[in-house]
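No lab work stands behind these numbers, since they all come straight from the coordinates. All values reported here derive from a predicted model rather than from experimental measurement. Positions of Cβ are backbone-derived with ideal geometry, glycine not excepted, and every protein chain shown enters the neighbour counts.
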Amino acid sequence: MISRRKFITAGTAISGAMLLGGKAFSNPLSVGIGEDLKFHIFSKHLQFLDYKGMADAAAGLGFDGIDLTVRKGGHVEPEKVEDDLPRAIEAIENANLRHELIATDVNNADEQIHRNVLKSAASLGVKYYRLGYVNFVDDVSIPNRLAQLNLQMKELAAFNKELGIAGTYQNHSGIRVGAEIWDIYHLLNDIDPGQLGSQYDIRHAVVEGGQSWANGLRLIAPQINTLVLKDFVWAKGKFGRWEVKNVPLGEGMVDFLAYFKMIKDLKIDVPVCVHYEYDLGGVEHGATKLEGMKAADIFKVMKKDLQYAKKLWLEA
């Protein structure tokens, strides 16, 4: 027996894949997320704390889980994953938080260090890992490069399937693969999102998509398996040039009410991660020591963003 909600979600995913002319994949999100969004904090912004401090802070702020950095310069260094990842996850579990998300440098199944990270993560119950980015190259056309990378992603997806873990590739503004939502659509073509899908970042989608972000969201919806929340404005910087400036949730150009309504309409029921990339005492850059702000003040701001996201979700 399955719930009505799960039945509708599965049906929407299948019909969406058919409308896009792609393969109908099984619902990758059958992990019992529930009726409400489950909010995680990106541990990049808590790297001034040890594992216990990180977990206790996230729980105190009201988060449901932690998206742990398991990458170079992160909470867990890839070379130490066998020893340190169990310690980090134990601390997260002791704080009664979810440990289903990690952020990595993994972008292929060939390098042994990447395989070690995924094996360790899967063995500890991690469900999703964010990939490291891949790039275009000057001497290969964009369509041909995406075709090459699609094969690379299929190999990685096959390895994920063996381990029982799913990859998630973030759309990120700029010139790397994934700035345009269409990049990811082709990058992940004919790949089951239960093995390798998209981490949809609304901030970066609006930066690159402007008013057409909704089209991109509909396009990529069947491939989304995690979400990221953050906000921005365009502002004049040095020499009068327009630049992207990160701001707290609700103070920027992202229409979160419209966005959350679409997420509900599209039945996208996945883990969510909140990022803090505006000025926040250095933690926006993953600082290991605080500069210019006290931890209590940082936590106050972090909690405000989380409460805003929860409020808008209920209103949508």
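Using 7 Å Cα-to-Cβ label points, what is the residue 314/residue 212 separation (nm, one decimal)?
3.7 nm
About the Cα centre, and with charges only on the beta carbon of Lys, Arg (+1) and Asp, Glu (-1), how big is the dipole of the range 239-316? Nearest 20 debye, please.
220 debye
Quick one: Cα centre-to-centre distance for the range 159-186 and the range 211-265, in angstrom?
So the separation of the two Cα centres works out to 18 Å.
Counting only DSSP beta bridges with both residues in the chain, what percent are antiparallel, rounded to the nearest 5?
Counting DSSP beta bridges with both partners in the chain, the antiparallel share is about 20 percent.
For the residue pair residue 236 and residue 151, what label-to-label distance in nm results when each label sits 7 Å from Cα along the Cα-to-beta-carbon direction?
5.0 nm
Express the Stokes-Einstein translational diffusion coefficient of the chain in µm² s⁻¹, to the nearest whole number, given a Kirkwood radius over alpha-carbon pairs, 4 °C and a viscosity of 1.567 mPa s.
For these conditions, the coefficient is 65 µm²/s.
Hey, for a label at residue 158 modelled as a point 7 Å past Cα toward Cβ, could you say which residues of the range 184-220 have their backbone N under 13 Å away?
none
What number, in percent, do you get for the relative contact order of the range 37-315 if the mean sequence gap of Cα pairs under 8 Å and at least 6 apart is divided by its residue count?
18 percent
Can you return the lysines within cross-link range of residue 236? Criterion is Cα-Cα under 21 Å, with same-chain partners fewer than 8 residues away left out.
Partners found: 245.
Please list 158-164, 183-189, 59-65 highest first by mean number of surrounding beta-carbon atoms within 10 Å per residue.
183-189, 59-65, 158-164
Name the residues of the range 215-229 whose amide N is less than 20 Å from a point 7 angstrom out from the Cα of residue 265 along the C-beta direction?
Output list for this probe position: 215-225, 227-228.
Go ahead and estimate [θ] at 222 nm for the chain from helices alone: -39,500 (n - 2.57) per DSSP H run with n ≥ 4, summed, over the residue count, rounded to 500.
Dividing the helical sum by the residues of the chain leaves -13000 deg cm²/dmol.
So the label point goes 7 Å from the Cα of residue 253 along Cα→C-beta, right? Which residues of the range 206-221 then have their backbone N under 14 Å from it?
The answer is 206-214, whose backbone nitrogens lie closer than 14 Å to the label point.
State which entries of 80/289; 80/119; 230/310; 44/161; 119/230 exceed 19 angstrom in Cα-Cα distance in the structure shown.
80/289; 44/161; 119/230
For the range 209-316, just say rounded, prolate or oblate: build the C-alpha gyration tensor, square-root its eigenvalues into a ≥ b ≥ c, call rounded for a/c under 1.5, and beyond that prolate if a/b exceeds b/c, oblate if not.
It is oblate, given that a/c is not under 1.5 and a/b is not larger than b/c.
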